[in-house]
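Trainee: Below are the structure tokens for one structure; questions will follow.
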Amino acid sequence: MSDFFSYVLLNNSIYDYTIALWIFVITYILVRIIRKYLLQKAKKLAEKTTSKRDDIIIRNIASISKLFYIVLCIYIPLQYISIGNKIDRTIEIIFLIMIVREVSNILIKSIKIILEETLHKGKTGKKDKTKINLFHIVAKIIIYVTGWLLLLSNLWIEITPLIASVWVMWIAIAFALQKILWDIFSSFSIFLDKPFEVGDFIIIGEDSGHVKDVWIKSTRIQTLQWQELIIPNAEMTWIRINNYGKMKKRRVNFTIGVVYQTDPSVLEKIPWMIQKIIEDTEYTEFTRAHFIEFWKSDLIFEIVYYINTNEYSIYRDTHQRVSLDIMKKFKKEKISFAYPTQSIYIEK
């Protein structure tokens, strides 16, 4: 029996082949157990937890392709027998390629899931596909380039000249596409700095409107006339932007005038009347109301208050309600608003 196991075939004994076969069987069984039982069990346990990170990890591990496991089951047993340097080297290269491929895919999928959870479109809470796709493409390029450079270095290939060539190529492209690249880099600045978000109402110079979308090269604005205004992202990074979407509340400052014939005791009551009206109105925050000036034909009161919203329509509706209530109150109290008049005195 020992003679049988010591028999040499293709530079390996029968004993070596037997050990390699047993290692193949054990590896195959372990792979089956991991894929069919352990991963399924881990997936069910992860679904019961409140954290999403464990779901992401299990989901990415489960997404490893069957081809990788096949290569793994072949590669490990072959380490215990001699199959020739060329074949052994070929199998090792295939195994390294599979590792780089699977690790890169896991990282890319994880990054995309993280981006989908963190990047949302303005105040709507929806996924911002533009940002997700942009950052996902950049992540894929970085991961794949890094992975393949590491693979080449592990294959004892000199990568320094290759890296130098890539840098020269990128520099040449950068010079040829300066304006386009500047817009692209500006889009990253907009995404990171967030001077505005989709849905915000902004004023840029003489133009104004709601931000419709932010693309890689340009920003699209829907004007109040329903025109689509397209502005290069590079311009959006240096131009002065007035963003009403960031407002938490709006300040209202207005004046009213009453006639000179109004009794002083009534004038003292007017600020309190206006304060009561504003405080009883929804969304409002009273600041002050004062008699400030004797004007040509009226006595001027200045009123200041805040409307706790950034919605323009609510702002207008609220101020309209305050103005109408002031008119009703003045009519009830028989207080007359002033209007431009001129009195002529004739000396006898």
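Read the figures in this text as sums done on the coordinates, not as results from a lab. Predicted model, so just to flag it, every value in this text is computed and none were measured. Counting neighbours? That spans all protein chains shown, and the Cβs are built from the backbone with ideal geometry, glycine included.
Trainee: Can you give the translational diffusion coefficient of the range 185-246 in µm²/s, computed by Stokes-Einstein from the Kirkwood radius over Cα pairs at 10 °C and 1.306 mPa s?
Mentor: 140 µm²/s
Trainee: Tabulate in residue order the Karplus-calculated ³J(HN,Hα) for the range 242-252, using 6.51 cos²θ - 1.76 cosθ + 1.60 with θ = phi - 60°, rounded to whole Hz; enter x for Gly and Pro.
Mentor: Once θ is set to phi - 60°, the couplings for the range 242-252 become 9, 9, 7, x, 7, 5, 8, 8, 10, 8, 10 Hz.
Trainee: Note down the net charge around residue 105, summing +1 for each Lys or Arg and -1 for each Asp or Glu among other residues with Cβ under 11 Å from its Cβ.
Mentor: Once positives and negatives cancel, what remains is +3.
Trainee: Could you pull out every residue, at least 5 positions away or on a different chain, whose amide H is within less than 5 Å of the one on residue 219? Hs are placed 1.01 Å off N in the peptide plane, and Pro or chain starts have none.
Mentor: The list, which skips near neighbours in sequence, is 231, 233.
Trainee: Moving to a separate point now. Using the Kirkwood radius over Cα pairs, work out the Stokes-Einstein diffusion coefficient for the range 250-332 at 25 °C and 0.890 mPa s, in µm²/s as a whole number.
Mentor: Diffusion coefficient, whole number: 185 µm²/s.
Trainee: I need the phi-derived Karplus couplings for the range 213-221: 6.51 cos²θ - 1.76 cosθ + 1.60, θ = phi - 60°, integer Hz, Gly and Pro marked x.
Mentor: 6, 10, 9, 5, 9, 8, 10, 9, 10
Trainee: What is the sum of charges, Lys and Arg at +1 and Asp and Glu at -1, for the other residues whose Cβ falls under 13 Å from the Cβ of residue 229?
Mentor: -3
Trainee: Determine the principal axes of the Cα atoms in the range 256-303, then give the extent along each, sorted from largest to smallest and rounded to whole angstroms.
Mentor: Answer, in whole Å and largest first: 35, 18, 11 Å.
Trainee: Can you flag which of 43/217; 41/66; 212/248 are past 30 Å Cα-Cα?
Mentor: Over 30 Å apart, Cα to Cα: 43/217.
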